[in-house]
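Heads up, the thing below is written out as structure tokens.
The values are calculated or read from the model by the stated rules, or taken from the named source; none is laboratory data. Quantities reported herein were computed from a predicted structural model and do not represent experimental measurements. All Cβ positions, glycine included, derive from the backbone under ideal geometry; neighbour counts span all protein chains shown. Calculation scope for accessible area: heavy atoms of the full protein, side chains included, ligands and nucleic acids excluded. Shrake-Rupley method; radii C 1.70, N 1.55, O 1.52, S 1.80 Å.
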Amino acid sequence: QVQLVESGGGLVQPGGSLRLSCAASGSIFSIYAMGWYRQVPGKQRELVASITSGGNTNYADSVKGRFTISRVNAKNTVYLQMNSPKPEDTAVYYCNAPLLTSVDYRYLEVWGQGTLVTVSS
């Protein structure tokens, strides 16, 4: 069994900073690109940022220059550093990891449980 556990969400003031963490655990052989998504009620889940195992990154235009995604492969962990957040960044943030299991090399698309980020003064 594989799971993703997120942490670091909460209330942050506009212009402040917050760091989200997501750790994958279980029978993992390898993880492909890890990503952070977010969703607000009534809207589709959207990609915020992603990072490959080699460190190549991709960001939504709305967060470029403010958010930074990073990854520690040895720990199967991905981070999202949120600087200068805006009220419109308020959402539930989900971690995503497509991977191969170590038991039978089966492909899985795993999601975290979500962590709420509220940007408000």
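Straight-line reach only, C-alpha to C-alpha below 23 angstrom: list the lysines that Lys86 could link to, leaving out same-chain residues fewer than 8 apart.
List returned: Lys43, Lys64.
Please report the relative contact order for the chain, taking Cα pairs under 8 Å with a sequence separation of at least 6, and give it as a percent rounded to a whole number.
Averaging sequence separation for qualifying contacts and normalising by length gives 36 percent for the chain.
Grab the other residues whose beta carbon is less than 12 angstrom from that of Ser27, score K and R as +1, D and E as -1, and report the net.
Every neighbour counted, the sum reads 0.
Starting from 0 in steps of 10 Å, tell me what percent of the Cα-Cα pairs of segment 1-100 lands in each bin.
15, 50, 29, 6
Among 107-114, 84-91, how do they line up by average Cβ neighbours within 10 Å per residue, starting with the highest?
In descending order of packing, they fall as 84-91, 107-114.
Rounded to the nearest percent, how much of the accessible area of segment 32-104 (1.4 Å probe, protein heavy atoms only) is carbon and sulfur?
Ligands and nucleic acids excluded, carbon and sulfur reach 48 percent.
Suppose every Lys and Arg Cβ carries +1 and every Asp and Glu Cβ carries -1, with no other charges. What dipole size does the chain come out with about its Cα centre, to the nearest 20 debye? Intermediate results must be reported in sequence, preceding the final value.
Details: 10 positive and 7 negative charges, 35 e Å.
Using Cβ point charges on Lys, Arg, Asp and Glu, the chain gives about 160 debye.
Which of Gln1, Phe29, Tyr107 sits farthest toward the positive end of the charge dipole of the chain, with +1 on the Cβ of Lys and Arg and -1 on the Cβ of Asp and Glu?
Among Gln1, Phe29, Tyr107, the one farthest towards the positive end of the dipole of the chain is Phe29.
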